[in-house]
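The values are calculated or read from the model by the stated rules, or taken from the named source; none is laboratory data. Because the structure is a prediction, the values reported are computed rather than measured. All Cβ positions, even for glycine, are placed from backbone atoms using ideal geometry, and neighbour counts span all protein chains on display. All accessible areas refer to the heavy atoms of the entire protein, side chains included, with ligands and DNA or RNA removed. Shrake-Rupley method; radii C 1.70, N 1.55, O 1.52, S 1.80 Å.
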Amino acid sequence: MLPVSKMTSQELAQVKKPNKLLVFLNSKKVVPYIFVLPFILSFLVFSLYPSVQAMIMSFQKVLPGQVTFIGMNNYSRVFNPIFYKALSNTAIYVVLTVVILTIVPIILAVLLDSKLVKFKTFFRASLFLPSLASTIVAGMVFRLMFGETDTAAANQILNWLGFESMDWRYQAWSAMFLMVLLCCWKWMGVNVLYFLAGLQNVPKELYEAAEIDGATTFQKFTNVTLPFLKPVTIFVATISVIGGFRMFEESFVYWEAGSPGNIGLTVVGYLYQQGIQQNDMGFGAAIGVILMLIIFVVSFIQLMLTGAFKKEGQ
Amino acid sequence: MEKKKFKPIPWIANIAFLMISLLALFPIINLLISSLRPSSELMRNGISITFDPSTISVENYLYIFTQGGNYWSWFINSLVITTITIVLSLFFSSMVGYALALYDFKGRNLIFGCVLFILMVPFEILMLPLFQLMINFNLIDTYAAVILPAVVAPMAVFFFRQYAIGLPKELMDAARIDGSTEYGIFFKIMLPLMTPSLAAMAILQGLGSWNNFLWPLIVLRSNDMFTLPIGLATLLTPYGNNYDILIAGSVMTILPIIILFIFFQRYFVAGLTVGGVKG
């Protein structure tokens, strides 16, 4: 590899000059390797090994002190009604959160960027603040606001409007509503900031040119603003999809280990239930591998749409 | 000729924004108010919009400070874990980002590929093998089990690399001529120049660690080793008689972050919009 690496440590020790090792360590060829060494070691142990091991485990039955290879058995077991329920819950959640967390922030960002709105700093800060709260703490507040009693905030409002109180956490649609609400509440402000950053890339001259051509405000929005927001939109949609498929806490905080009729079960929740609680690690790993495939497909579509992976680092 | 006309659209937009802002702040305000109300009522009624102002008291806070029990262990655990995670992950990833940006060496693309690889693989897939690994290392129920996997921070490497590319390379050559070692250049000259990026990443990593839930939930076992989110989650049972600690403790979990946010807004925004890190 490197010419210097031919020197063994023994040879180095025999060299009279005591600072030879230091010179070696300080050479421009060696330095970058020392800089990346701790990261590479931790990458190998805590990222590469587990990802390979996850693949292997998904073909095994893992019991304490006894591991047997069982081929595709875990995978054939995965496709059961409970997994389908978890997958469909997650898919609905992903669609809802992506649509809401892309369209609403665009509108909010465009308004915040315009001259229409005053107190921009306050609005931006208050929208952003929820992203700092732990999902568990925020979810606890939501859970107590959407309690079953007539005295909980959500039911108080329903009663004032003349509706019956609801068992928010025990019906399929309202369970989904609660999870989507928590997620959207938390991430709205961050996505608004992404779009605000994206709006800075729109050349102001284009708006003037459009005005001269007699374009309406709406036409300017669809023909000038939106095309320039395309990269940000793809990015935001992608991280929302990935975040949605990885969702766990939003469900856990409402129902802990299990929801009635699995109305709140998600793919990661099922992985946790099977892999950790039931200690069926091979089966859990198979769920994980399927999740990874889904996320790879999503990332791949993003790659295709943006043409460069570099966008992710902006 | 033209009189000052009443323009409805700006008014509607501003009022709409005011309402959206209030909606965003509503749960946080509700949490603050509820923490000043009797916990027995909170357990029985949930969080109500209406409340009797005469019942306002700091009872819950007095209780948590005098008889908080394990709450303070959770707080200290969270504080220690978050601090160590920030220090280690920033140290490792700033070095990598710097090396990737400013040195030309064999295998650079491979290492960058590794960073991209971790970005693509969701943590949930690594979770079970890592859990096994922690059992084998005998690290279950220790700080190390929570911290170690968080040390690999691809997003931070990415960010530092991007930032370091913009640093003046001439400074490095000048320092070399002055006889500085490569490490001296990094720690004494370049790293201080990277302070804004360090601040942003400290917030990203710190917030992630402070609010982290699933992984600590798996590797921490005994009540006095729990972190704040996990400890608080154990109090959230319908039969819980610890709602005083739950509600006051929740406020004290998010309040330090909100205070930090007020002072370091810019870095919070930079850290949280780096992307990809959700949930």
Looking at the structure I just gave you, is B:THR237 within 12 Å of chain A (Cβ to nearest Cβ) and of a type in the set (S, T, N, Q)? yes
When segment B:206-220 is checked residue by residue, the ones that are within 7 Å of chain A (Cβ to nearest Cβ) and not aromatic (Phe, Trp, Tyr) are B:LEU207, B:ASN211, B:LEU214, B:ILE218
Whether any residue in segment A:180-198 is buried (at least 18 other Cβ atoms within 10 Å of the Cβ), touching a Leu at 6+ places or on another chain (Cβ under 6 Å) and free of Cβ contacts under 8 Å to residues at least 40 places away in the same chain is what I want to check. no
With the condition being more than 10 Å from every other protein chain (Cβ to nearest Cβ) and either open to solvent by less than 30 Å² (accessible area, probe 1.4 Å) or under 27 Å from A:GLY269 (Cβ atoms) (or both), I'd like the helices (runs of 4 or more DSSP H) fully within segment B:87-161 carrying at least 3 qualifying residues. B:143-147
Does segment B:20-70 hold any residues that are of a type in the set (Gly, Ala, Ser), buried (at least 19 other Cβ atoms within 10 Å of the Cβ) and either assigned to a helix (DSSP H, G or I) or in contact with a Leu (Cβ under 7 Å, 6 or more places away or on another chain) (or both), and which are they? B:SER21, B:ALA24, B:SER34, B:SER39, B:GLY46
So A:GLU256 clears everything in (1) over 30 Å from B:GLY231 (Cα atoms); (2) surrounded by fewer than 20 Cβ atoms within 10 Å (Cβ to Cβ); (3) of a type outside the set (Gly, Ala, Ser) except one condition, right? Which one? (1)
Evaluate the following for A:SER131: is it hydroxyl-bearing (Ser, Thr, Tyr) and touching a residue at least 40 places away in the same chain (Cβ under 8 Å)? yes
Search result, residues across segment A:154-190 that are among the small types (Gly, Ala, Ser) and over 30 Å from A:ALA109 (Cα atoms): A:GLY162, A:SER165, A:ALA172
Checking A:THR222, A:THR238, A:THR233 in turn, the sole residue that is over 28 Å from B:LEU272 (Cβ atoms) and not hydrophobic (A, V, I, L, M, F, W, C) turns out to be A:THR222
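What are the residues in segment A:249-268 that are facing chain B (nearest Cβ under 10 Å) and more than 19 Å from A:LEU144 (Cα to Cα), if any?
Answer for segment A:249-268, where residues must be facing chain B (nearest Cβ under 10 Å) and more than 19 Å from A:LEU144 (Cα to Cα): A:VAL267, A:VAL268.
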Only one of (1) in contact with a helix residue (DSSP H, G or I) (Cβ under 7 Å, 6 or more places away or on another chain); (2) under 19 Å from A:ALA109 (Cα atoms) does not apply to A:THR217, and that is (1)
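Give me the residue from segment B:1-19 that is open to solvent by less than 80 Å² (accessible area, probe 1.4 Å) and aliphatic (A, V, I, L, M) and, out of that set, modelled with the highest pLDDT.
Looking at residues that are open to solvent by less than 80 Å² (accessible area, probe 1.4 Å) and aliphatic (A, V, I, L, M), I get B:ALA16.
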Residues that are of a type in the set (A, V, I, L, M) and open to solvent by less than 30 Å² (accessible area, probe 1.4 Å): which helices (runs of 4 or more DSSP H) entirely in segment A:19-135 hold 3 or more of them? A:81-113
Note: among A:THR217, A:THR233, A:THR238, just one is surrounded by fewer than 16 Cβ atoms within 10 Å (Cβ to Cβ) and either of a type in the set (Val, Ile, Thr) or away from chain B (no Cβ under 14 Å) (or both), namely A:THR217
Determine which single condition B:THR82 fails, assuming it passes every other condition in (1) open to solvent by less than 10 Å² (accessible area, probe 1.4 Å); (2) in contact with a Gly (Cβ under 8 Å, 6 or more places away or on another chain). (1)
Residue check: is A:GLY264 within 30 Å of B:SER250 (Cα to Cα), part of a loop (DSSP other than H, G, I, E, B), in the same structural domain as A:ILE92 (by TED's automatic domain parsing) and open to solvent by less than 10 Å² (accessible area, probe 1.4 Å)? yes
So A:VAL30 passes all but one of these: (1) at pLDDT 85 or above; (2) at the interface with chain B (Cβ under 8 Å from one of its Cβ atoms). Which condition number does it fail? (2)
Does A:ALA210 satisfy being outside any helix (DSSP H, G or I) and more than 27 Å from A:VAL298 (Cα to Cα)? no
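Residue by residue through segment A:160-174, note down the ones that are in contact (Cβ under 8 Å) with a residue 40 or more places away in the chain and either of a type in the set (S, T, N, Q) or in contact with a helix residue (DSSP H, G or I) (Cβ under 6 Å, 6 or more places away or on another chain) (or both). Lay out the reasoning, then the answer.
Let us first name the residues in segment A:160-174 that are in contact (Cβ under 8 Å) with a residue 40 or more places away in the chain, namely A:169-172.
Answer for segment A:160-174, where residues must be in contact (Cβ under 8 Å) with a residue 40 or more places away in the chain and either of a type in the set (S, T, N, Q) or in contact with a helix residue (DSSP H, G or I) (Cβ under 6 Å, 6 or more places away or on another chain) (or both): A:ARG169, A:TYR170, A:GLN171.
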